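Note sheet for the following structure.
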């Protein structure tokens, strides 16, 4: 099984950071056009307009590029959360959720072959959440967004609610973008995802009942 590949070295100066960003954006185009098997570092270098040596200076192989593309995608999600969070004071929880779902589906439907590669074909090349600065930022921004709407949320533990909502959100958005149900209009699909998230956040749990004999193994 493949595992996440770290860059050969981290860019320190603005010029080197720009070079790495250029290479990663070129890699996104190459992997989206050719898939994992058809992509190679020579083509990434050509599209980026740099030498192959410049690519290898930071990325030892194409798996390292895929890992970087996972991080790029998560950073896109951070920006969406920042945009929704900035407007949170003027939005209800439903409005914020619906906006977040709509914008996230747009991102996941862009570069469709690349998105399938990242989320379905090679998910093992994604950095562990604990090691990914971008993933930690997604967690932090989501909790902040829930905290701003705490008056509308019945879940008492915001840390747990953040964990559950993120996992629900990721699974539903990825499935809707990569394998949508046939014959369902996009608006209806967005509302269904939003309703699922809001149902967990706003629907008070009923009283716990003792397990009946039929429930027991």
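Things worth noting here:
- Test: residue in segment 87-101 that is free of Cβ contacts under 8 Å to residues at least 60 places away in the same chain, over 27 Å from residue 203 (Cα atoms) and touching a helix residue (DSSP H, G or I) at 6+ places or on another chain (Cβ under 6 Å): no
- Residue satisfying all of: in segment 120-143; closer than 19 Å to residue 81 by Cα and touching a helix residue (DSSP H, G or I) at 6+ places or on another chain (Cβ under 6 Å); surrounded by the fewest Cβ atoms within 10 Å (Cβ to Cβ) among these: 129
- Residue tally, condition assigned to a loop (DSSP other than H, G, I, E, B), out of contact with any helix residue (DSSP H, G or I) (no Cβ under 8 Å at 6 or more places or on another chain) and under 21 Å from residue 120 (Cα atoms), over segment 155-202: 2
- Counting only helices (runs of 4 or more DSSP H) that sit completely within segment 1-94, those holding 1 or more residues that are surrounded by fewer than 18 Cβ atoms within 10 Å (Cβ to Cβ), out of contact with any strand residue (DSSP E or B) (no Cβ under 6 Å at 6 or more places or on another chain) and modelled with pLDDT under 95 correspond to 14-38, 52-58, 62-86.
- Among the residues of segment 144-154, those that are in a helix (DSSP H, G or I) and surrounded by fewer than 19 Cβ atoms within 10 Å (Cβ to Cβ) comprise 144, 147, 148, 150, 151, 152.
The values are calculated or read from the model by the stated rules, or taken from the named source; none is laboratory data. Just so we're clear, the structure is a prediction, and the values are computed from it rather than from any experiment. Using ideal geometry, Cβ is built from the backbone for each residue, glycine included, and neighbour counts are taken over all protein chains shown.
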